[in-house]
Amino acid sequence: MKRRLLYGLLAILAWCSIGLVNAQNLQFHYDLGRYLYPETQMARPTLTATIEQQGVDRFGDTFYFVDMSFLQQGAVSANWKFMRNLRFWQAPVAWHVRYDGGLRFVNATQSNTAISMNDAFMTGGSYTYLRGDRRLMLSAALLYKYIRLTPQPHNFELCTVWKYAPGDGLFSATGFISFWQQTDKRPGWNTRFKLMMQPQFWCNLNKLEAIPNDINLSIGSEIRISRNVDAPQWIVAPTLALKWSFR
């Protein structure tokens, strides 16, 4: 059953914070997009839970995460992204492989019918810059992208990722920008390219003197900026967010 597959994706963990060899966190985002764009985004989920993990080994690094979005009736979509940088040498250049896929409900407020998001498989090269103090990381990847079950499956994607934690780490920021080719001929869309940006900004409470170090709670926001993804126009949708980091 497709609903069971949605919940099964929760078994997959993902993502990281700067300076940790292995790290994971759990995030909850209250999405304000439906209130900012009531005409086009009223079916937008109000709550998204994200679990992330990153691990580093002598052959490279792995990053993966699961997003699950919720409306009043429960989970209505799940998305899994898995990324691996393979390095068998001492250099900032790596062979990058990636998978992106998931499920979502059609007309989630009216139906329990679910469909598969088109699986995407990517490969290419990536370059990573890590500053000596490990407070700043920048990465860029140029990828061949194969999108299954689409009229034009052969595409490309350009993705950049950044992380920054200045000073004592009270504030930190992470994010990515993805620009990719994907033909979309739906009425009103008629595009060949899509753009998504998701910067996150956090206040890490355990960096305050009054908060114990083992209270790994952060408060902040994610800003989902997209064109031809959520709608055929620009959408800028902030969230109110909580994050718990597991050490």
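Computed from the coordinates by the stated procedures, all read-outs in this text should not be read as laboratory data. From a predicted model like this one, the values you see are computed outputs, not experimental measurements. Virtual Cβ from ideal backbone geometry, glycine too; neighbours counted across all protein chains shown.
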Per-residue ellipticity at 222 nm for the chain, helices alone: DSSP H runs ≥ 4 residues times -39500 (n - 2.57), over residue total, nearest 500 deg cm²/dmol?
-1000 deg cm²/dmol
So, R0 is 30 Å and r is the distance between the beta-carbons of Gln72 and Lys207; what FRET efficiency does that work out to, to 0.05?
0.25
If exposed means GluC sites (Glu not before Pro) lying in a DSSP loop and surrounded by at most 13 other beta carbons within 10 Å, then the longest stretch of the chain lacking such sites spans residues 40-208
Counting sequence-distant residues (5 or more places) and residues on other chains, those with an amide H built under 5 Å from that of Val76 are Ser69, Phe70, Leu71
Using only the Cα atoms of the chain, each taken as one equal point scatterer with no solvent, compute I(q) by the Debye sum, divide by I(0), and report log10 of the ratio at q = 0.11, 0.14, 0.15 Å⁻¹.
-0.62, -1.03, -1.19
Under 5 Å between amide H atoms, partner at least 5 residues away or on a different chain: which partners does Phe156 have, H built in plane at 1.01 Å?
Lys145, Gln181
What's the FRET efficiency of Glu39 with Asn112 using the Cβ-Cβ distance as r and R₀ = 25 Å, to the nearest 0.05?
0.50
Taking other Cβ within 10 Å of each residue's Cβ, how do His154, His29 sort, fewest first?
His154, His29
